[in-house]
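The values are calculated or read from the model by the stated rules, or taken from the named source; none is laboratory data. Small disclaimer: the values here were computed from a predicted structure and weren't measured. Glycine gets a Cβ as well: all are built from the backbone with ideal geometry, and neighbour counts include every protein chain shown.
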Amino acid sequence: MKLSEYVDHDGVGLAGLVARGEVTAAELAATARLASDAVNPMVNAVVETWPAQDAPVPGSTPLAGVPFLIKDLAVAMAGRRVELGSRIAAGNVARADSALMARFRRAGLVTLGRTATPEFAYSTTTEGVLYGATRNPWDPTRSPGGSSGGSGAAVAAGIVPIAHATDAAGSIRVPAAANGLFGLKPTRGRISMGPDADEVFNGLAVHGALSRSVRDSAALLDLVHGPEAGDPYAAGRPERPYAEEVTRSPGSLRIGLLTRPWGGRAVDAAVVGATLRAARLAESLGHRVEEVRVDLGVDWEEFVLANARLWSTNLATWIDDLAAAFRRPVGPTTLEPETLAAYAYGQQVSGTEFVHALAMRNGVARAIGRYFTGHDLLLTPTLPELPVPLGTYAEGAEGADGLGWLRQLFHRSPFTAAFNVAGTPAMSVPLETDPATGLPIGIQFAAGHGREDLLFRLAGQLERAAPWARRTPAVWAGRHDGA
């Protein structure tokens with residue numbers, strides 16, 4: 001199979017070829033490795049590749065035989081390294097599959113390696129010390145976003161059609177927007193975080209995926225959602241498969257439009273214009289769109305402070321555990337400056353401050369929940385600006401404490417984190433590009449608790465009305481048939 005043929009299919013399409021006997025899963029895996037060889041040196045998205053271990057039964061699932069990559073964090077494959085993007089965990093080898101990895105195997109995915117993440121996923125750019133900066137396939141001088149930036153760049157460049165991602169404050173949606181992809185953050189509890197954790201970042205983090213088509217994300221969620229024994233909570237079972245929702249009419253939805261983020265930072269004119277065009281597209285499809293103000297439930301500074309306390313206390317615990325396990329010091333030889341600052345901040349958070357931060361989580365969830373009693377969806381930009389040049393996050397970060405670092409992250413992505421705190425689903429849809437640069441602009445749609453079905457219906461409708469599949473970045477495996 002030529003690379004130009006391989007990238008012309010999404011995951012469901014490739015699985016269909018395998019099911020019909022037109023290509024084997026082994027041939028797809030070999031083609032994916034060729035794609036990685038051709039473009040990964042330009043984007044540094046894949047930090048390690050592995051021989052294919054699984055031989056799925058053709059046609060056994062909608063994604064059987066599809067090449068796949070996992071993020072270097074939160075999912076473990078037996079006998080393979082998982083280093084969390086950090087020198088303090090360098091060389092760590094998983095003893096067993098995590099629960100989600102077992103589900104990926106049962107889904108028939110052929111996992112070929114792991115993708116770059118910033119250290120402990122503690123950033124919305126992917127520029128770690130351990131493996132170096134990941135580059136955006138649309139413009140390699142720019143960031144691919146984060147923390148699932150390696151997965152985003154790998155999918156956008158055509159190495160695989162779909163890849164694992166996680167999201168604690170926007171880490172699926174941010175790289176989806178930066179790389180021109182579809183990315184849906186599921187409801188809290190939709191995909192188990194077990195068995196080694198009941199929840200990550202106190203319920204702010206979820207598993208998900210980045211893909212080039214809506215149906216790929218829907219098919220994967222169908223195959224991996226649901227609780228594990230002992231989970232503290234679970235999202236309600238969907239009424240029907242999400243893959244079916246993609247082709248169903250959403251009806252006429254009441255959609256709120258928010259172009260000014262919580263915290264009040266300025267939004268680039270190009271992004272505002274793209275968001276307004278997306279609103280007009282939604283109206284042309286029969287939806288009712290109106291400008292709204294959405295109560296966050298707390299003051300923005302209180303929101304950032306409470307998130308910093310939740311994030312940093314969790315981080316400090318992980319670092320202490322890893323330092324003890326590997327007998328490595330906690331310091332500049334094992335951790336990056338921003339991580340060290342967050343670690344020190346987390347050590348200073350008191351028990352009462354931590355409990356107050358959990359109360360903020362509840363307040364935001366109640367406020368966001370009240371909004372969705374009057375509207376079906378909320379429409380916002382995913383990001384307030386175009387993908388930033390590499391190195392932007394380092395400007396002014398020197399000397400910042402843990403609170404200051406998180407304040408910068410939330411300044412860069414002010415539209416996304418509220419839905420992690422509330423636990424509600426949200427998606428970034430690659431509807432727009434910047435006319436001046438050609439860079440992608442993601443549009444975010446958020447829904448009430450458990451309403452991924454509604455998001456998939458709208459996403460399918462938008463994909464049919466304004467298809468993006470033919471838009472390809474400068475770094476694209478399909479141009480390397482002679483490689």
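What the table below lists for this structure:
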quantity: Residue that is closer than 21 Å to Arg87 by Cβ and not charged (D, E, K, R), where the choices are Ala344, Ala357, Ala365; calculated: Ala344
quantity: Test: residue in region 410-423 that is touching a Gly at 6+ places or on another chain (Cβ under 6 Å), surrounded by fewer than 23 Cβ atoms within 10 Å (Cβ to Cβ), more than 30 Å from Ala469 (Cα to Cα) and modelled with pLDDT of 95 or more; calculated: no
quantity: Which numbered condition Gly460 misses (of (1) more than 23 Å from Arg277 (Cβ to Cβ); (2) of a type in the set (Gly, Ala, Ser); (3) surrounded by fewer than 24 Cβ atoms within 10 Å (Cβ to Cβ)); calculated: (1)
quantity: Set Gly404, Gly460, Gly450: member being outside any helix (DSSP H, G or I) and either out of contact with any Leu (no Cβ under 9 Å at 6 or more places or on another chain) or among the charged types (D, E, K, R) (or both); calculated: Gly450
quantity: Meets criteria (within 20 Å of Arg370 (Cα to Cα), more than 22 Å from the chain's Cα centre (by Cα) and surrounded by 13 or more Cβ atoms within 10 Å (Cβ to Cβ)) for Arg288; calculated: yes
quantity: Residue check for Ala357: assigned to a helix (DSSP H, G or I), of a type outside the set (D, E, K, R) and within 21 Å of the chain's Cα centre (by Cα); calculated: no
quantity: In region 435-454, the residues that are farther than 17 Å from Leu258 by Cα and either in contact with a strand residue (DSSP E or B) (Cβ under 6 Å, 6 or more places away or on another chain) or without any contact (Cβ under 8 Å) to a residue 24 or more places away in the chain (or both); calculated: Pro440, Leu454
quantity: Meets criteria (touching a residue at least 60 places away in the same chain (Cβ under 8 Å), of a type in the set (Lys, Arg) and either within 20 Å of Met360 (Cβ to Cβ) or assigned to a loop (DSSP other than H, G, I, E, B) (or both)) for Arg265; calculated: yes
quantity: Spans of strands (runs of 3 or more DSSP E) in region 162-250 with at least 3 residues of a type in the set (D, E, K, R) and more than 29 Å from Thr125 (Cα to Cα); calculated: none
quantity: Within region 169-188, tally of residues that are in contact with a Pro (Cβ under 7 Å, 6 or more places away or on another chain), of a type in the set (Gly, Ala, Ser) and under 21 Å from Ala76 (Cα atoms); calculated: 0
quantity: Total residues in region 86-108, condition within 27 Å of Asp231 (Cα to Cα) and in contact (Cβ under 8 Å) with a residue 60 or more places away in the chain; calculated: 10
quantity: Residue list for region 372-392, filter: buried (at least 22 other Cβ atoms within 10 Å of the Cβ) and outside any loop (DSSP other than H, G, I, E, B); calculated: Leu377, Leu378, Leu379, Thr380, Pro381
quantity: His356, sole failed condition from (1) of a type outside the set (A, V, I, L, M, F, W, C); (2) buried (at least 24 other Cβ atoms within 10 Å of the Cβ); (3) closer than 17 Å to Phe201 by Cα; calculated: (2)
quantity: Subset of region 449-483 [among the small types (Gly, Ala, Ser), over 17 Å from Ser211 (Cα atoms) and over 19 Å from the mean Cα position of the chain (by Cα)]; calculated: Ala465, Ala474, Gly482, Ala483
quantity: Selection from region 31-62 of residues that are among the aliphatic types (A, V, I, L, M) and more than 16 Å from Val155 (Cα to Cα); calculated: Ala52, Ala55, Val57
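Here is a yes/no grid of residues against (1) without any contact (Cβ under 8 Å) to a residue 40 or more places away in the chain; (2) of a type in the set (A, V, I, L, M, F, W, C):
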{"position": "Gly180", "(1), (2)": "no, no"}
{"position": "Lys185", "(1), (2)": "no, no"}
{"position": "Arg188", "(1), (2)": "no, no"}
{"position": "Gly194", "(1), (2)": "no, no"}
{"position": "Asp198", "(1), (2)": "yes, no"}
{"position": "His207", "(1), (2)": "no, no"}
{"position": "Ser217", "(1), (2)": "no, no"}
{"position": "Leu221", "(1), (2)": "no, yes"}
{"position": "Val224", "(1), (2)": "no, yes"}
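Here is a yes/no grid of residues against (1) of a type in the set (Gly, Ala, Ser); (2) touching a Lys or Arg at 6+ places or on another chain (Cβ under 6 Å):
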position	(1), (2)
Ile159	no, no
Asp167	no, yes
Ile172	no, yes
Ala176	yes, no
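Quick grid of which residues meet (1) touching a strand residue (DSSP E or B) at 6+ places or on another chain (Cβ under 8 Å); (2) not acidic (Asp, Glu):
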| site | (1), (2) |
| --- | --- |
| Val364 | no, yes |
| Gly369 | no, yes |
| Thr373 | no, yes |
| Asp376 | yes, no |
| Pro387 | yes, yes |
| Ala397 | no, yes |
| Arg407 | no, yes |
